[in-house]
Every structure is written in structure tokens, then in C-alpha cells.
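Participant: Sharing a structure here in C-alpha cells format.
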Amino acid sequence: MKTITAVLLGAGSRGRYIYGPYAEKYPNELKIVAVAEPDEGRRNHFAAIHGISEEYAYDSWEQAFDQGRIADVMIISTLDRLHYIPALKALKLGYHVLLEKPMSPDREECISLVKAAEEHGRLLIVSHVLRYSLFWDRIKKCIEAGELGKIATIQLSENVGYRHMTHSYVRGNWRDAKETSPMILAKSCHDLDIISWLMGEKCTMVSSFGSLLHFKEQNAPEGSADRCIDGCEVEKTCPFSALKLYIQPPEHPWARYMTQDLSHEGILRALREGPFGRCVYCCDNNVVDHQVVNMEFASGANAAFVMSGFTDKEGRKVQIMGTHGEIRGDMETGSFTLYRYSTGEEIDFQCNTGGDGHGGGDVRMISSFLKDVREFGSGSQADGLTSAGASLQSHLMAFAAEQSRLEQGRPIAIPDVLNMKSEMNV
């Protein structure tokens, strides 16, 4: 088996905890030979783990292109608005590319990347990891086997969880749509992609409602402070306290994303000095904390999606209603039930959800990408399960949903998305 070499752009949460560990666990499959990361601590830590010399440890993504093509693939896990240009450069240099979703918050750039992959004859795989998980894979196989007949309606809910909501979308990197992407694209294009994939036909119309309901200044309780650590009078009773979220020894599941120093003193320092110690009512966030999307498809089938940051647990629940059967499932537990109308049978399925936060989808996605790269040009090449071309529809659905939300729920036809302003407004 050929070991695939890779350049990693971005050693943040995905780079450090998904792609890096895969290379550690399966060194015969993937070797990361260079890394670009502006944070010196993260960069040095990652380089040390993977034996990357200083010459190939870059402090900017631009430097990763100075020496030309130095590996088989490029994995791009930078922030949303730093996806397009590096992906385009990588394709032109001859890299196969694994690109974090979304492809871009700019509609024209998404279309351009699809065309660039075709023009340069390279793989461009988007990290819609849910398709690779056993849970969604087995549901898709039930549909393809005709168990449901014709799908009439899909209902999908994403419980973001208040911890994830406040960490990533109130205090964290994805809090400002102008710097990254609107919530429906940054977080929930996973869900629109799954709906599109399960439905197996073109989406024609989208409408959406959503807003920033709670995490804003006017909802700050009396006695609160700008930082949870600065003598806030209500910190002990506040459900969104940064002290409660980040001081969780010994694992510190959330603190590891904000600081390399997980000592008690290191965490307190990060809360005093960094963005994650701020009161959730005193941040510069502008993305929605809840949203609903309704979709119509070419055959007349429809779908409804609900995203909420106001849940205790994270997870996704789905109900798929067809002419011959129904599926109800919970991705968090990896279980779903198939109901056959003709016989009255109820068939339970249990899928392994271990491996990562996406039901094992991350590991299966990377493995699939590496396999496609190895087989590329052998006569049996494929575009990949989540190629840029396959992913484009869910991006267009997200653009339409955000436009509809900004226009108080006006239905947006998907063909009209191509005539919108290129850049998403906030």
C-alpha cells in the first residue's frame, strides 16, 4: 500500500484532533510532511508529533506554496474565508485536495472550485463527514433498497448544544459571519447535504426563519460582568459560565480548544486574556442561535430542518416518511427503526457511533479519500462520495436559506441563487 503524503493547512481543532491523529494511528496510510499554522504553540506541537522539520513548518498558508508541490495531497482546515485561494492554488499545482466545509462563503467561489477540479483533473473532496458514518450510510442503503418507497418528507433536527453554541458561535471562531460564514453554512451545511443526499433529487425552493434570540447585550442579567472571571455576581448560577465550561478536570474537553496550557493557571490566564472568558452577553457575535429551513424538491417531496443552540446534548434526530415505510433515528445513539407498512414490521438497526464526534464519519472519510487518491488514474477513478460537484447543491441550499432568512422567510428558488449577490450578507 502506498503511503500518501500530505501538507496540512491549519492545525486547529480539525487539524490537531482529526487529521493529525489519523496519521499517527495509520502511518502506513498517511504521512503529514508539512504544516502551516499561524499559532506558534500549535505549529511547534504538531510539528514535533509528526517529525516535521522547521523548514516545512510554516507560519502562514502562503508559505506552503513557496517550494511548489511537495506532497501527494493537501488538507485544508483553515477558517472558512481562507478556503478558496489555497484550494485553487493546490489544484493548479496538481495536489488532490481534502477541503473543510464549507467550500467558501462566496457562491461564485464555490462554483469556481468545482470547475477548477474538473479543469485540472484533481480530486476535490469536501468534508461532509456525515455521509461516511455508518448511521447515515445504512439509512441510505435502506432507501436505495426501496424500503420506504417514494420519500415524501424528511424531518431533521440538529441539537447544537448550549456548550458548543457558546464556545464556537458566541465566543469562538465562528461567531461573526463577516469573518467566517453564516451559521446555516458554517455549521448546518452538513445537515442540508445529508437531506439532499437522502432525497436523491434536486432541491428547487427554500424558505427559512431564524435570528440571534438570546446571546446579546440586552439579555445580560443584572450583576453580570464583561468576563466571567471578573467578579461576576451571577457566575455561579449562570448556565453559560466560562468557568463551568472550561474548568473540567482532568480531561478539560473544551479548554483544549482554547489553550495549549491545560494547567489550572493556564486555563485561568486564557479566560482573563482571550476571547473565551467573555460573558456570552458581551461578545461581538452576530450569527443566529436558532433557525428553521423548509425545502421543496423536484418531485414535490419536501423537507424540514431545525437547528437550535438551546439543547443540553449535541446530536441529530431524523424522521423519513415514505409511501411504503418510515425511518426514525437518533444519530447520537447510532440507532434507527425501519417501519414497513405492508407487514407491520419494526426492524431496529444499531450502528457503531465510536471513533469521533461524527459517528465514525471522520475516520471513514479520510480512509475513503486516501483510497481514491491511490486509485486515481488506474482506470477506476471516481469523483468521491463528497466531491465538490456533489457538495455544491447543499451550498446553494444554504445560500438560499440565508437569503430567505434575511428577507423574513421569502421563498427562494434555487436557480435564483445563481443570480444573487455573490457574497452572503449578514
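No value in this document is a laboratory result; all are computed from the given coordinates. Because the structure is predicted, anything quoted here is derived from the model rather than measured. Cβ sites come from the backbone with ideal geometry, for glycine too, and all protein chains shown count toward neighbours.
Participant: For segment 217-277, build the charge dipole from Cβ charges (+1 Lys, Arg; -1 Asp, Glu) around the Cα centre, then report which of S224, G277, L262 sits farthest towards its positive end.
Facilitator: L262
Participant: On to the next question. Strictly under 4.7 angstrom between C-beta atoms: which cysteines of the chain have no such partner?
Facilitator: C110, C142, C189, C203, C228, C232, C238, C283, C351
Participant: Residue farthest toward the positive end of the dipole of the chain, with Cβ of Lys/Arg at +1 and Asp/Glu at -1: which of P239, G334, V287?
Facilitator: Of the listed residues, the answer is G334.
Participant: Students often get this wrong, so check it: of K31/K371; K150/K202; K150/K187, which have C-alpha atoms separated by over 19 Å?
Facilitator: K150/K187
Participant: Among (i) 33, 27, 17; (ii) 32, 30, 22; (iii) 62, 23, 17, only one was calculated for this model; which label is it, if the read-out is semi-axes √(5λ) of the Cα gyration tensor in Å?
Facilitator: (ii)
Participant: With a Förster radius of 22 Å, plug the Cβ-Cβ distance of S60 and Q260 into 1/(1 + (r/R0)^6) and report the FRET value to the nearest 0.05.
Facilitator: Efficiency at R0 = 22 Å is approximately 0.70.
Participant: In whole angstrom, how far apart do the alpha carbon centroids of segment 267-303 and segment 68-111 sit?
Facilitator: 24 Å
Participant: Take every DSSP beta bridge with both residues inside the chain and express the antiparallel ones as a percent of the total, to the nearest 5.
Facilitator: For the chain, the DSSP antiparallel bridge percentage is about 65.
Participant: Calculate the spin-label point distance for E179 paired with D416, positioning each point 7 Å from the Cα along the beta-carbon direction, and give it in nanometres.
Facilitator: Once both label points are built, they end up 3.3 nm from each other.
Participant: Take the chain, connect every pair of alpha-carbon atoms lying under 10 Å apart with a spring to form a Gaussian network, then pick out the residue of L93, L396, L130 with the largest mean-square fluctuation.
Facilitator: Looking only at L93, L396, L130, the largest GNM fluctuation is found for L93.
Participant: Per DSSP helix of 4 or more residues, -39500 (n - 2.57); summed, then divided by the residues of the chain. What does that give at 222 nm, rounded to the nearest 500?
Facilitator: The per-residue figure over the chain is -8500 deg cm²/dmol.
Participant: Separate question: With +1 on the Cβ of every Lys and Arg and -1 on the Cβ of every Asp and Glu, and nothing else charged, how large is the dipole of segment 217-277 about its Cα centre, in debye rounded to the nearest 20? Please list the in-between numbers first.
Facilitator: Values: 6 positive and 10 negative charges, 44 e Å.
With only Lys, Arg, Asp and Glu charged at Cβ, the dipole is about 220 debye.
Participant: Mind checking the dipole of segment 204-250: about its Cα centre, +1 per Lys or Arg Cβ, -1 per Asp or Glu Cβ, Debye to the nearest 20?
Facilitator: Here the size comes out at about 220 debye.
Participant: May I ask you to compute the full-extension gain from S342 to M321, defined as 0.36 nm times their residue separation minus their alpha-carbon distance, rounded to one decimal in nm?
Facilitator: Residue separation times 0.36 nm, minus the Cα-Cα distance, leaves 6.1 nm.
Participant: Run the dipole for the chain about the Cα centre, Lys and Arg Cβ at +1, Asp and Glu Cβ at -1, nothing else charged, and hand back the magnitude in debye, nearest 20.
Facilitator: My answer is approximately 460 debye.
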